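Okay, structure first, notes after.
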Amino acid sequence: MSDTSQTSSRQGSSLLELSERTKKRNAAEARFRGYGMTAIAIGLIMLMILVFTIISKGVGAFQQTFVTVQVELLADKLDKKGNRNLDDIKKVTTFGYSPLIRAAAETSVEQAGIATDLKSKDIAGLLSKNAAATLREYVVSNPNQIGDTVTFRFLAQSRVDGYLKGRVTRESIANDKNISVAQLDLVDQLVDAGVIQKSFNLAFIFGSDASDARPEAAGIGVSMLGSLFMMMVVLVLALPIGVAASIYLEEFAPQNWLTDIIEVNIANLAAVPSIVFGILGLAVFINYLHLPTSAPLVGGLVLTLMTLPTIIISTRASLKAVPPSIRDAALGVGASKMQAVFHHVLPLAAPGILTGTIIGLAQALGETAPLLLIGMVGFIASNAPDGLASGLLSPNSAMPAQIYEWAKRADPAFYERAWGGIIILLVFLITMNTIAVILRRRFERRW
Amino acid sequence: MSFVKLTASTLAIAAVSATAATARDQVQVAGSSTVLPYASIVAEAFGENFDFPTPVVESGGSSAGLKRFCEGVGENTIDIANASRAIREKEIKACAEAGVTDIIEVRIGYDGIVFASDINGNSFEFTPIDWYKALSAEIVVDGKVVANPNKTWADVNPAFPAQPIQAFVPGTKHGTREVFEDKVILAGCEETGDFEVFKHANGDDKKAAEKACISLRNDGLSVDIDGDYTETLARIDSNKDGIGVFGLAFYENNTDKLQVATMSGVVPTTESISTGEYSVSRPLFFYVKKAHIGVIPGLKEFAEFFVVDEVAGPDGPLAEYGLVSDPELEKVQETVSTEATMGDNS
């Protein structure tokens with residue numbers, strides 16, 4: 001009976017005409033392709049929105065407004081005793097320099113041929129509070145210039161910078177006590193006169209963090225060094241330990257319940273949230289071992305713990321991928337097991353190991369959560385380290401921690417810098433991942 | 001073999017650097033995120049004007065900072081704790097147990113707490129009673145204690161627009177929260193007379209009545225913000241009905257997005273706070289570990305520099321940023337220069 005019913009259902013079917021079922025199957029496939037393409041399209045759109053937002057918000061941080069001012073380094077203000085003694089000159093604090101800056105700002109407005117009713121205090125208010133620090137630093141390092149008139153390019157105040165970048169408008173400053181409309185009018189005139197100019201902001205990439213009162217002076221350079229030192233610690237510790245552990249586990253260790261447990265635990269460790277490693281770091285490295293807080297060494301140690309599982313897993317995978325025939329051949333010609341591993345297996349697995357390491361490092365580079373707990377977030381990245389020991393031990397921040405810190409601060413100008421920092425961080429991450437891809441492409445062998 | 005050697009030498013380097021970690025040459029500060037901007041401004045100026053390295057300032061909240069401060073004496077503990085409230089008895093005790101006995105309390109000035117909402121929204125003229133009625137978990141209606149029934153600001157005070165109540169208040173780890181509870185919610189509670197009702201209902205227990213006043217509603221109309229003011233600002237940005245609690249300095253940096261509400265008819269400014277007209281303000285402190293003076297280079301110089309007239313005075317950079325300078329600054333300067341500890345004061 002069943003046979004007849006089958007033949008009857010096939011009757012009338014043609015190769016040229018699709019049956020109901022085939023049509024349904026084809027439709028299902030077309031639908032599935034559609035879903036897949038939509039998923040990819042959504043992903044791409046999201047990525048584009050992300051990249052667009054980051055770039056459009058952050059690109060402003062790479063430009064900064066400068067004011068060119070001629071400052072007369074008055075000897076009676078800076079060196080009251082007139083003996084050019086450096087210790088005496090150093091006694092004049094940055095507050096003692098503000099009269100010079102006020103006078104200089106006023107004369108530069110006069111020289112530009114602009115008439116204004118603003119007081120010298122308001123004119124000098126267009127300059128960053130960093131100006132006095134720049135000036136003092138210059139005088140302390142060039143004490144013989146006292147008495148001369150020197151041309152400086154000072155940073156402009158963050159509101160002025162924001163005005164030239166379109167972030168600050170005349171409407172938005174209605175209640176702002178940091179700047180007035182009259183000051184903005186003066187800015188317009190000074191821009192026409194060429195006194196105020198926007199140019200590339202090298203200090204953002206190489207400078208140190210600045211306090212809340214002068215966002216225009218903040219840079220990511222010192223925290224970049226902090227990240228660099230941490231990555232150094234991670235590389236120096238995690239790579240040898242990780243590779244040694246995986247070689248032993250893969251090549252030498254007997255297969256028993258103990259190694260099984262270790263294996264499972266390593267896989268689990270890779271999934272542990274990074275904040276857990278931060279708490280561990282606080283408890284072990286700082287509270288128990290008494291390592292200094294906020295030090296990149298501690299940050300590096302914590303990130304090493306975090307990166308180890310990634311490196312071990314990828315190393316073991318690439319060791320596994322080396323065919324046993326290579327080991328057998330080496331052993332066959334009389335090599336010891338260790339020689340077989342180090343002379344033949346390891347070099348062949350190296351590209352995979354390096355790729356895994358770089359990806360692990362890139363992960364560690366972008367990590368903020370564990371750094372919160374070991375004191376690397378705050379106003380920290382202010383002193384550039386002067387050597388290996390101070391780089392590892394004196395307090396520093398890291399790039400993602402610095403970005404987080406900027407995003408928290410009150411002045412909107414810091415927000416722009418946070419996005420700018422993200423661009424720099426992304427450039428680092430993309431570079432590292434590209435290197436990993438290139439290594440894999442060029443050196444990986446398939447059997 | 002090379003890997004083994006590399007690992008061994010790495011560990012050796014790590015060990016050597018760890019032993020080199022004994023001498024710390026910069027001041028370490030942690031604590032209140034309200035004090036952080038001021039501390040960082042001073043730290044920066046200190047680094048510029050002295051030959052000492054710039055001090056390190058971490059945030060995390062007054063309580064967290066004082067907890068770290070009280071961990072003990074030694075180079076791996078912090079030297080200064082910033083706080084947006086006075087240190088508590090409990091904390092002094094905890095400090096003493098860990099060996100931190102001589103603490104110098106330094107008041108740097110006053111900070112206003114302001115209520116601000118989206119710049120394009122309704123403007124408000126609050127009194128403490130309004131906030132108490134809007135946010136307390138239980139209020140008294142017709143002589144009976146009931147769960148807070150108010151849903152819109154018009155329910156609280158007929159003079160207000162019928163805007164849904166949505167408040168973003170600082171979380172409990174912030175020193176700001178304590179001031180908000182004391183000077184706004186509790187003040188409102190007492191002013192309405194509800195305090196007496198609560199006291200009566202709790203068997204004349206003042207503490208329980210206070211607690212009943214200041215426990216905020218948890219039906220989603222009052223949201224605790226554990227992060228910083230930027231988070232509060234972001235919440236108001238996405239919810240235009242929201243009203244947030246900010247520090248004066250933060251508001252003054254974001255006047256393009258926020259409008260400030262008056263409290264009892266007074267607009268918060270540094271002037272109205274320094275005269276005491278604007279009531280919701282609190283002193284800001286930092287606490288110095290006396291045992292570290294002379295051990296950590298620059299600690300005393302930093303503490304002194306923090307309160308000199310040029311920095312903390314009415315024309316200094318701190319006042320410019322939004323701090324209301326202390327009218328008794330001279331006394332504070334004396335405290336720091338004589339290293340008078342808290343025990344000596346009382």
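Every read-out reported here was derived from the displayed coordinates using simple, explicitly stated rules and does not represent laboratory data. Since the model is a prediction, treat every value here as computed from it, not as a measurement. Heads up, the Cβs are rebuilt from the backbone with ideal geometry, glycines too, and the neighbour counts pull from every protein chain shown.
With each label modelled as a point 7 angstrom along the Cα→C-beta vector, the B:V73-A:V284 pair spans 3.2 nm. Between A:K198 and A:F66, the built amide H atoms are under 5 Å apart, and every one of these is 5 or more places off in sequence or on another chain. Take every Cα pair under 8 Å whose residues are at least 6 apart in sequence, average their separation, divide by the length of segment A:182-314, and the relative contact order is 28 percent. Using a Gaussian network model of chain A in which every pair of alpha carbons under 10 angstrom is joined by a spring, one finds that among A:M399, A:M224, A:M432 the greatest mean-square fluctuation is at A:M432.
Using C-alpha pairs under 8 Å with a sequence gap of at least 6, the mean separation divided by the residue count of chain A gives a relative contact order of 18 percent.
Taking a Cβ cut-off of under 13 Å around B:A209, the surrounding Lys, Arg, Asp and Glu residues balance to a net charge of -3, with basic ones at +1 and acidic ones at -1. Specify the residue with the greatest mean-square fluctuation among A:L18, A:L297, A:L225, computed from a Gaussian network of chain A linking alpha-carbon atoms under 10 Å apart. Top of the fluctuation ranking is A:L18.
Quick one: among A:I49, A:I358, A:I313, which has the greatest mean-square fluctuation in a GNM of chain A with alpha-carbon springs under 10 angstrom? Judging by the Gaussian network model, the answer is A:I49. Rounded to the nearest 10 degrees, the inclination of helix A:399-408 to the longest alpha-carbon principal axis of chain A is 60 degrees.
Based on C-alpha pairs under 8 angstrom that are at least 6 apart in sequence, segment B:56-199 has a relative contact order of 24 percent.
Compared with the dominant Cα axis of chain A, that is its longest principal axis, helix A:412-443 is turned about 40°.
Which of the three applies to segment B:119-175, rounded, prolate or oblate, going by the alpha-carbon gyration tensor with a ≥ b ≥ c and a/c under 1.5 meaning rounded? Note, shape of segment B:119-175 comes out oblate. Under the convention that each Lys and Arg Cβ holds +1 and each Asp and Glu Cβ holds -1, the size of the dipole of the protein assembly as shown around its Cα centre is about 3780 debye. Taking a sphere under 12 Å around the Cβ of B:N157 and counting the other residues whose Cβ falls inside, with K and R at +1 and D and E at -1, yields a net charge of -2. Here is how the number arises for the protein assembly as shown: DSSP H runs of 4 or more residues each give -39500 (n - 2.57), the sum is divided by the residue count, and the result at 222 nm is -15500 deg cm²/dmol. Here the Karplus curve 6.51 cos²θ - 1.76 cosθ + 1.60, taken at θ = phi - 60°, turns the phi angles of segment A:323-332 into couplings of x, x, 4, 5, 4, 4, 4, 5, 5, x Hz, with x standing for Gly and Pro.
Each Lys or Arg adds one and each Asp or Glu subtracts one; over the other residues with Cβ under 13 Å from the Cβ of B:K67, this totals +1.
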